[in-house]
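Each reported figure results from applying straightforward, stated rules to the coordinates on display, with no laboratory input. Keep in mind the model is a prediction, meaning the values are calculated, not measured. Cβ sites come from the backbone with ideal geometry, for glycine too, and all protein chains shown count toward neighbours.
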Protein chains: 2
Amino acid sequence: MPKIVDHEQRRARILEGLVRVAGRRGIHAVTMRSVATEAGVSLRLVQYYFQTKARLMHAALLDLERQSHERWAARLARLPQPPSPRAFVEAFVDEALPSDEDSRVFHLVWTSYAVLAMTDPELAEQPFVDGPNQLERQLVDVLKRAQADGLLAGGLDARLEAARLLTLTHGLGTSVLIGQRTVSAATRVLRYHLDHLFGRSDRAQPTTASTSIS
Amino acid sequence: MPKIVDHEQRRARILEGLVRVAGRRGIHAVTMRSVATEAGVSLRLVQYYFQTKARLMHAALLDLERQSHERWAARLARLPQPPSPRAFVEAFVDEALPSDEDSRVFHLVWTSYAVLAMTDPELAEQPFVDGPNQLERQLVDVLKRAQADGLLAGGLDARLEAARLLTLTHGLGTSVLIGQRTVSAATRVLRYHLDHLFGRSDRAQPTTASTSIS
DNA sequence: TGAGTTATGATACAGATGTATCATAACTAG
DNA sequence: CTAGTTATGATACATCTGTATCATAACTCA
């Protein structure tokens, strides 16, 4: 058995190329050749490691999903256990806004895929339905716990608050990508939202070294 | 001067074809030929009336923007003058959700353009920045008026509430398009939001024959 | 060292796509 | 009726794109 090369590594490199192309020139600029060039490999290699464009695109989507899950898991792990509801929620919104360049590219490409999935049922709708639903459930749990502990403002419904928070955050992310809002403007709206969700009492005790909402 | 044909009508027909193609097969399926076929005209005519694909795409975007403005103006005109803040806001969210098939196509294509605009500065960012900003200003005015009349819940900031409402609505629309939420689920979240925005008091006095939030 | 397998290069090809060109039909004005 | 202009058809072309093919380099193992 000859010339063993790490397939996963090669594939990862190519997928990174794809994401860079899609992030800079749009997902319509993703071609076998543009990805190959961006990744610094030959067209043949993209074919070799992904066979077809459809599979390449699919693989990139799965990879984005995986990365996103990993980042979120790592973020959660960095919180004190168990995290306070407010810390949990702030970590969530901080992760969900396109704050730095990497994050911007990630959200841009992810959104591009989401739009593709709207007309292409082949392109797994799982990531765009199950993913948010799972996050929403996590948020529901945390908010219910907060409510039981009397940390939420009165008259709120945990389930609906989770949906509202998730959707609002996502909408703000989009408006940042599109250039309608700056990240800090979006952050301001979210801080306002959280201040009304939790009582105006417990504001932002930074629980991690990373940038917290402020 | 011979064979006078109504250019605007021809252009409109072609643009309708474009929107149908983009709505059914995605904006990447929009080609000179697919649009021509969908509109029932020859490739040559698409060239003749729009010269280049870039101009065709641009024209379609401007047309979508115009339609949207007209629908909103007509909707406002149907409200009692001056409309109550709650009626105004409910008309807004009702217009902003992809409820029927036409609306679904409109929002889908609009969102597709928005994603394109994220990487293509040529594609006027005006519609995606100025448009929402203008809507947001309208909402701010209405909410300030409501606040002055004591119709809003206490402790709210009209400006931030406008941003929150706009973004939340948009985010819910996206989640509907993607199939994560049904329209009625989205409506439920919005009703909840509005009930907390206005005091839990004045619920939905239907002010138009059209479907109101309920 | 040699045989066999993996990884990669070079190249070809068919189909699609945007655009250009040439011709001519359809029509109006004088 | 005819000349001239607009509107449309037919077709061609270069480029891009996904995919396939053939060759061979690179390497491992016996």
Closest to the A-onto-B rotation axis, which residue of chain A has its Cβ, and how many Å off the axis is it?
-> A:G171, 1
If we count other beta carbons within 10 Å of each Cβ, what is the order of B:V46, B:V142, fewest first?
-> B:V142, B:V46
Can you list, shortest first and in nm, the gaps between the label point of B:R137 and those of its counterparts in the other copies, using a point 7 Å from Cα in the C-beta direction?
-> 4.6
For B:D63 and B:D141, what is the calculated FRET efficiency with R₀ set at 25 Å and r taken between the beta-carbons, to the nearest 0.05?
-> 0.35
Separation between the B:E122 and A:A54 pseudo-spin-labels, each 7 Å from Cα along Cα→Cβ, expressed in nm?
-> 3.1 nm
Relative intensity, log₁₀ I(q)/I(0), of the protein assembly as shown from a Debye sum that treats every alpha carbon as a point, q = 0.13 Å⁻¹ = -1.21
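If you wrap a convex hull around the Cα atoms of chain B, how much volume per residue is inside, in Å³?
Each residue corresponds to 145 Å³ of Cα convex hull volume.
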So how do B:K144, B:K3 line up by other beta-carbon neighbours within 10 Å, fewest first?
-> B:K3, B:K144
Copy-to-copy label separations for A:R71, where each label sits 7 Å from Cα toward Cβ, in nm and ascending = 3.3
Ranked A:Y192, A:Y48, criterion: other C-beta atoms within 10 Å, fewest first | A:Y48, A:Y192
Sequence-distant residues sharing a close amide H with B:F198 (under 5 Å, placed H) = B:A153
Expressed in nm², what is the orientationally averaged projection area of the convex hull enclosing the Cα positions of the stretch A:1-61?
-> 4.0 nm²
Grab every C-alpha pair in the stretch A:57-99, bin the distances at 5 angstrom width from 0 up to the longest one, and report whole percents.
-> 5, 21, 25, 20, 14, 8, 4, 2
Sort all Cα-Cα distances of the stretch A:82-204 into consecutive 10 angstrom bins from zero, then give the percent of pairs in each bin up to the one containing the longest distance.
-> 13, 41, 33, 12, 1
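Membrane-span-like helices in chain B: DSSP H runs reaching 24 Å or more (Cα, own axis), mean Kyte hydropathy at least -0.5?
The qualifying helices are B:101-119, B:158-177.
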Isotropically averaged projected area of the stretch B:43-122, using the convex hull of Cα atoms (one quarter of hull area), nm² = 7.1 nm²
Taking the Cα centre of the stretch A:61-102 as origin, sum charge times position over the Cβ atoms of Lys and Arg (+1) and Asp and Glu (-1), and report the length of that vector in debye to the nearest 20.
-> 320 debye
For B:T37, label point 7 Å along C-beta direction: distances to other copies, nm = 2.9
Using 7 Å Cα-to-Cβ label points, what is the B:D130/B:K3 separation (nm, one decimal)?
-> 3.7 nm
If contacts are Cα pairs under 8 angstrom and at least 6 residues apart, what is the relative contact order of chain B in percent?
-> 20 percent
Among residues other than B:T167 whose Cβ falls under 15 Å from its Cβ, what is the net charge (Lys/Arg +1, Asp/Glu -1)?
-> +4
Loop-located trypsin sites (Lys or Arg not before Pro) in the stretch B:30-105 whose Cβ has at most 14 other Cβ within 10 Å (DSSP) | none
Cα centroids of the stretch A:60-87 and the stretch A:148-179: how far apart, whole angstrom?
-> 18 Å
